[in-house]
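Each remark here refers to the structure printed beneath this line.
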Amino acid sequence: MERADKDLAFMLQYENVAWYDQGAVRILDRRVYPRQVSFVTCRSHEEVAAAIAAMVTQSTGPYTAAAMGMALAAWECRGKSAEEQRDHLRAAAYTISHARPTTVGRMERITGGCLHWAEEALDRGESDLADGIRDYTVAVNNVRYGKVERMAGYLAEQFPAHGAVMTQCFGETIVGMMLRQCRRQGKDIRLFCPETRPFFQGARLTATVCRDMGFDVTVITDNMPAWVMRQEKVDVFTCAADAICCDGHIVNKVGTFQIAIAANYLGVPMYVSGIPDAGHPTVDTVKIELRNGAETLEAMGVKTAADGVKGYYPAFDITPPELVRGVVTDLGIYSPYDLPQYLAKADIGPYELVI
């Protein structure tokens, strides 16, 4: 099969996100990339869940890791009865999907899709479930990448021919597809990437993908967006989302809300790429993950604050719909107030809430 990750940046290649093979899952360690290119090897599905919780992989990387973790779980129970395999895979699906609290709903769709495939394979009498789940993951990732590329086409149309674009955190597939579409549409854009402390996803991941794909990219610190927007005449602020509630609220990496406020004040439109989540009919259904505050007291493993100082780290924040110009989907751009119209038209597979 032709793979949709062809000619994308290194870290967007399927094998370089997370990959199952012969009783192990190998995950690119995004905590240290690109200064180091190293992989964490997990030899149990519990280790995959722990790697997800520890932020070894971020953005949509955890969703591919979750699916590959299900392949590993299938390898763990190989040779057992069909019922024992079902029980083991159901338990693994719960463990992996609950690795991080804010993304449980989307993770359940991923692990649930793998579980459904495995149960049908067991009904057919198949025995090699591990490689089958990996192949299933590649197939549905191809579908997902295709939908994201359609989104990226609509998003790139909002950029001027020689525009300036500000991003936030790391939008994974949409970043690569957005840049590929800019190339196809003849858009020569400059990008400004806030660093996204404490794991620096913007500085390390988004900026690296932009560089690898041949675009002018500048990293700024997280307290610079408003000034840079004004001074550099930024045309568009864009990000992905960890959840898009049906009432138009956007849940994304902490810091998104403040950039949205600055963009609104300066008249810079904000476009969010992603699929509205029927599992979050209103923002009240979202649980914001509070991580260990000590993570804010260091930078890339180096302590930056005095002993005895407290840290606070909500992993995400919530941007209200009045600050969002449009939600970019595979079916076009919708007002954040019209998202139920998208859900009425869309055919959403298990992987397609993540981009």
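The values are calculated or read from the model by the stated rules, or taken from the named source; none is laboratory data. Not measured: the values here are computed from a predicted model. Cβ sites come from the backbone with ideal geometry, for glycine too, and all protein chains shown count toward neighbours.
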remark   = By residue number, the members of segment 173-187 that are outside any helix (DSSP H, G or I) and either in contact with a strand residue (DSSP E or B) (Cβ under 8 Å, 6 or more places away or on another chain) or at positive phi (or both) are Gly186
query = When residues of segment 179-210 are filtered for being of a type in the set (Lys, Arg) and over 19 Å from the mean Cα position of the chain (by Cα), how many remain?
reply = 4
request  = Give me a count of the residues in segment 96-128 that are buried (at least 17 other Cβ atoms within 10 Å of the Cβ) and under 22 Å from Thr282 (Cβ atoms).
outcome  = 9
inquiry  = It is to be established whether one or more residues within segment 301-315 are buried (at least 17 other Cβ atoms within 10 Å of the Cβ), not in a loop (DSSP other than H, G, I, E, B) and not assigned by TED's automatic domain parsing to the domain that holds Glu108.
reply    = no
Single condition Asp131 does not satisfy, out of (1) closer than 22 Å to Asp212 by Cα; (2) surrounded by fewer than 23 Cβ atoms within 10 Å (Cβ to Cβ) = (1)
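Among the residues that make up segment 266-276, is at least one of them hydroxyl-bearing (Ser, Thr, Tyr), closer than 20 Å to Ile333 by Cβ and under 21 Å from the mean Cα position of the chain (by Cα)?
From segment 266-276, those hydroxyl-bearing (Ser, Thr, Tyr) are 271, 273; that's our starting set.
Okay, now just the ones that are also closer than 20 Å to Ile333 by Cβ, so 271, 273.
So of that shortlist, the ones also under 21 Å from the mean Cα position of the chain (by Cα) come out as 271, 273.
Yes: segment 266-276 contains one or more residues that are hydroxyl-bearing (Ser, Thr, Tyr), closer than 20 Å to Ile333 by Cβ and under 21 Å from the mean Cα position of the chain (by Cα).
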